[in-house]
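Okay, structure first, notes after.
The values are calculated or read from the model by the stated rules, or taken from the named source; none is laboratory data. Keep in mind the model is a prediction, meaning the values are calculated, not measured. We place every Cβ from the backbone using ideal geometry, glycine too, and count neighbours over all the protein chains shown. Ligands, DNA and RNA are stripped out before the accessible areas are found, and what is left, the full protein with its side chains, is counted by its heavy atoms. Shrake-Rupley method; radii C 1.70, N 1.55, O 1.52, S 1.80 Å.
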Amino acid sequence: MKEIISRINQYLLLAILTTVVLFYGKVVLIPVLFAALLAMLMAPVCRWLDSKGLSRPLATTVCILILLVSLLAVLGVVVAEISTFVGEAAAIEEKANELLANLQGFI
């Protein structure tokens, strides 16, 4: 019986320590896990470039450039959408006020 309780305590301690490490280590763990995800995503591209005769450093540089261009394209789309939203904020506010006035009149 004492052995079972000791085993349960070990599992509980492991769960608590894992939670604490994940909570306080998120500043380090999130970028590391994101980098690992991107590395796994680009591994087939890098292998394909290697098979085409590019050296490993050059293939890695090409993969990094692909990731940077993709990231900049996504960032550009987000910035364009935000600027469009900010430009139309006055029209959205007028429409919201009109709908609110209609709702108040209906009530």
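Where in the range 33-107 are there GluC sites (Glu not before Pro) that are in a DSSP coil and have at most 11 other Cβ atoms within 10 angstrom of their Cβ?
Sites meeting the loop and neighbour criteria: E88.
Which whole number of Å³ per residue matches the convex hull of the alpha-carbon atoms in the range 47-107?
Taking the convex hull of the Cα positions in the range 47-107, it is 102 Å³ per residue.
Quote the accessible area belonging to L103 in square angstrom, nearest 10, computed with a 1.4 Å probe and with ligands, DNA and RNA left uncounted.
For L103, solvent-accessible area is about 90 Å².
Over all alpha-carbon pairs in the chain, figure out the percentage whose distance exceeds 25 Å.
That fraction is 63 percent.
What list of ³J(HN,Hα) values in whole Hz, one per residue of the range 50-56 in order, does the Karplus curve 6.51 cos²θ - 1.76 cosθ + 1.60 (θ = phi - 60°) give from phi, with Gly and Pro shown as x?
4, 5, 7, x, 6, 6, 4
Run the accessible area of the chain with a 1.4 Å probe and give the carbon-and-sulfur part as a rounded percent.
For the chain, the apolar C and S fraction of the accessible surface comes to 76 percent.
Over the chain, give the accessible area per residue in Å² for a 1.4 Å probe, as an integer.
It amounts to 87 Å² per residue over the chain.
So what are the ³J(HN,Hα) numbers for the range 70-82, from phi and the Karplus equation (6.51, -1.76, 1.60; θ = phi - 60°), rounded to whole Hz, Gly and Pro as x?
My calculation for the range 70-82 gives 4, 4, 5, 5, 5, 4, x, 5, 5, 5, 5, 5, 5 Hz in order.
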